[in-house]
1. Please list, ordered by chain and number, the residues whose modelled amide H lies under 5 Å from the amide H of G69; skip anything fewer than 5 residues away on the same chain.
2. What percent does the relative contact order of region 54-183 come to when contacts are Cα pairs within less than 8 Å and at least six residues apart?
3. Using θ = phi - 60° and the Karplus relation 6.51 cos²θ - 1.76 cosθ + 1.60, list the HN-Hα couplings for region 100-112 in order, rounded to whole Hz, with x at every Gly or Pro.
4. Sticking with the crude label model, points 7 Å out along Cα→Cβ, report the distance from D230 to T133 in nm, one decimal please.
5. Over region 116-208, what percent of the accessible surface lies on carbon and sulfur atoms, probe 1.4 Å?
6. 5 Å is the cut-off here: which amide hydrogens, built 1.01 Å from N in the peptide plane, fall below it relative to S109, excluding neighbours closer than 5 in sequence?
7. Whole-Hz Karplus ³J(HN,Hα) for region 32-37, in order, using 6.51 cos²θ - 1.76 cosθ + 1.60 and θ = phi - 60°, x for Gly and Pro?
8. Per 0.36 nm of contour for each residue apart, how much would the distance between R155 and S268 grow if the chain were fully extended, relative to their Cα-Cα spacing?
Amino acid sequence: MVLPAYHAPPEAPLPRPATLALLRTGLAPLLLWQGLRVRRRTPRLPEATGPRHGVAGHGAVRLRLLVVGDSSAAGVGVRAQDEALAPQLAGFVAGHLSAATERQGRGSSAVAWQLVAASGLTAHQALAAMAATRLYPADLLVTVLGVNDVIEGTRPSDWLRDLDAIRGHARHRAKVRHTVHCAPPRMDLMPVFPQPLRWIMGAAAARLDQALRGHVRQSHRRTRFVLPFDPSREDPREWLAPDGFHPNAALYRRWASELADHIDLDLSQSHLRRAVLPSSFQASGFGTLDAMSGYSGLGELN
């Protein structure tokens, strides 16, 4: 599929929930036709091949990472998992940790990672996927969810409830202590979608993101990360896969790098005793961890 010439569209205003629902109902036949047309014309790309868990970096494993999500988490848009989000994120986080532990004379640090993701998953379906998967112990949860909830018309309150359930499940089964939610992308700025479908989906995605922004402010050890790509200022053809929707290898690497920076800063601002400590700390609370079994010994959850 050849992407059209790039012209940055204006940002769409955020309608009231009742207005959005009315528009979706009134425009339903047109939106359905446009959606089917996009689906027919857009190539269906496979998920990235390769292991769904592993260890990034060298030395002692001092952090475990769990990534839960949809097709973007699964690496659609690239061929192999080593070009996708989860293993690259683990590698960049390992780099941050190693910068600290090497200064302390403790050698390099590694990060163990696990991926639970599949194309088409809503947040509710991702929870079911977690329940059906053997989860290794983890310290940090990253979610990549929201696009399919937009497509399915999930209400923000239901989406937040599902994210809470995912976080609770990860805390209970994997002993996760910190969570980062990736915000839904700006779907109103994706040229692969025609108008008015693009505007309707963008408004729905913005509603989810607005709800998430307020929700994490009231939560403990939980933050929101905005994807490092703005189609209104950057040419999508440089950053997107051939389907015009999923990230390409360059954007996955950029996403992983900036998310690792966010995690490093995020944890550096935590004043919790014995919490996960990033590279900006001179002292570290990490001991040597087994990569895929046992617990980190970071203390009990509050």
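1. Here V116, A117, A118, V144 satisfy the definition.
2. Values: 250 pairs, mean separation 40.5, N = 130.
Value for region 54-183: 31 percent.
3. These are the phi-based 3J(HN,Hα) values: 7, 5, 6, 4, 7, x, 9, x, 6, 10, 10, 10, 8 Hz.
4. 3.2 nm
5. On the way: 1680 of 3110 Å².
C and S fraction of accessible area: 54 percent.
6. H58, S98
7. Those phi angles translate into 4, 5, 5, x, 5, 5 Hz.
8. On the way: separation 113, 0.36 × 113 = 40.68 nm, distance 3.34 nm.
Contour length minus the Cα-Cα distance gives 37.3 nm.
The values are calculated or read from the model by the stated rules, or taken from the named source; none is laboratory data. Everything numeric in this text was worked out from a predicted model, so none of it was measured. Cβ coordinates were reconstructed from backbone atoms using ideal geometry, including for glycine residues, and neighbour counts include every protein chain displayed. To get the accessible areas, we keep the full protein, side chains included, count just its heavy atoms, and leave off ligands, DNA and RNA. Shrake-Rupley method; radii C 1.70, N 1.55, O 1.52, S 1.80 Å.
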